[in-house]
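Working notes, structure below.
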Amino acid sequence: MPEFNLVRNGNEAVLKLGEKLTALDVPELQAELKRGIGDGIREIVFDLSATTTLDSTAIGLLIAANNSLAAKQGRIRLVNVSPNLIKLLQSMRLAERLNAAEVANG
Amino acid sequence: MVGVKDARLARDGVAPSTYRTTSAGLRADLPSELREVEGLCRKAGLLLERKGLGESVFAVDLLLREFTNNSMIHGNRLASGKRVRVSLRILRRWIVVRIADEGPGFDWRARGVGVPDEKSTSGRGLPIGAAYARHLRFNPTGNRVALWIETTG
């Protein structure tokens, strides 16, 4: 079962992900994101402070969410991203596109 | 003891996953069900930690996920009766992962390993392989892959 917790505040939402976001979790989260964007959310902050694993299917979902929001002048942001995941996003040339910010030190 | 998952697979006539662990690595024989990838990655991670290769866990986990998912989804079309066989061998400088499925393969030469456009929602499995493995080799048919990951531990 996917681990995520979405808290909405106006047209923004913060979504705290669990330890992993992978192909197994994508269908359920995709449905939740579609619902939220359809209901007027325009910025989604993905909090990855607990997340150690993303696979390419999950990355595809983040891009799809960003594409959908960009068409409505919105965006996603990724915060508290681990160094390993930042490096992965950079290697796929996505860190800037997905507004990814590394976890703050200390 | 037979778990709920194994009971369901048995009811469907599908053999459950099997693992064989040795001092040099592990072998897995998996039905094509995505939830099996979790068990595989967990076992591989524990093995690498025990061998003092914790620094390699992220890369190996990522590559196991990408290529086992690919074999199950694109190779075996998630037909749980079709198997994916995985081996992981720990050598002095390398961790070698081999993954084979029962699908028809694909034209990996045409696909290439270039990073797709930033708006594209798919096509990153092979680029991730190229970024995290020192060597990435398919058999001519494209239903077997071998990945050499240089150890960093």
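Only the coordinates and a few stated rules stand behind these numbers; no lab work does. As the structure is a computational prediction, the values presented were derived from the model and not from experiment. Every residue, glycine among them, receives a Cβ derived from its backbone with ideal geometry; neighbour counts consider all protein chains shown.
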> What base-10 log of the normalised intensity I(q)/I(0) is obtained for region B:1-122 from the Debye formula, alpha carbons as equal point scatterers, at q = 0.17, 0.21 Å⁻¹?
Replying inline: -0.93, -1.21
> How far apart, in nm, are the 7 Å Cα→Cβ label points at A:SER49 and B:SER23?
Replying inline: 4.5
> In the protein assembly as shown, what % of DSSP beta bridges are antiparallel (nearest 5)?
Replying inline: 70
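How fast does the protein assembly as shown diffuse by Stokes-Einstein, in µm²/s, taking the Kirkwood radius from C-alpha pairs at 10 °C and 1.306 mPa s?
It diffuses with D of about 83 µm²/s by this estimate.
If you add up the charges near A:ILE41, with Lys and Arg at +1 and Asp and Glu at -1, over every other residue whose beta carbon is less than 14 angstrom from its beta carbon, what do you get?
Computed value for this residue: +3.
Need one number: % antiparallel among DSSP beta bridges in chain A, to the nearest 5.
Percentage antiparallel, nearest 5: 30.
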>> If the reach is capped at under 23 angstrom between alpha carbons, list the lysines near B:LYS43, excluding any in the same chain fewer than eight residues apart.
In response: A:LYS20, B:LYS5, B:LYS51, B:LYS82
> How much of the calculated P(r) for chain A lies past 16 Å, in percent of all Cα pairs?
Replying inline: 53
> For region B:66-153, what is the largest minus smallest coordinate of the Cα atoms on each principal axis, given in angstrom and ordered from greatest to least?
Replying inline: 35, 35, 21
>> For A:LYS72, give me every one of the lysines with a C-alpha distance below 27 angstrom, ignoring sequence neighbours fewer than eight places off in its own chain.
In response: A:LYS16, A:LYS34, B:LYS119
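Quick one: compute a quarter of the convex hull surface over the Cα atoms of region B:28-79 and quote it in nm². Mind showing how you got there, number by number?
Working: hull surface 13.0 nm².
Over every viewing direction, the Cα hull of region B:28-79 projects on average to 3.2 nm².
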> Which parts of region B:14-44 would a label at B:LYS51 reach, counting a residue when its backbone N lies under 20 Å from a point 7 Å out along Cα-to-Cβ?
Replying inline: B:18-30, B:37-44
> Under a Cβ-Cβ cut-off of 11 Å, what is the net charge of the residues other than A:ASN99 that fall near it, where Lys and Arg count +1 and Asp and Glu count -1?
Replying inline: +1
>> Starting from the 7 Å offset along Cα-to-Cβ, what nm value, one decimal, do you get for the label separation of A:GLU12 and A:ASP39?
In response: 1.8
> So, counting K/R as plus one and D/E as minus one, what does the shell of residues with Cβ under 9 Å around B:ASP101 add up to?
Replying inline: +3
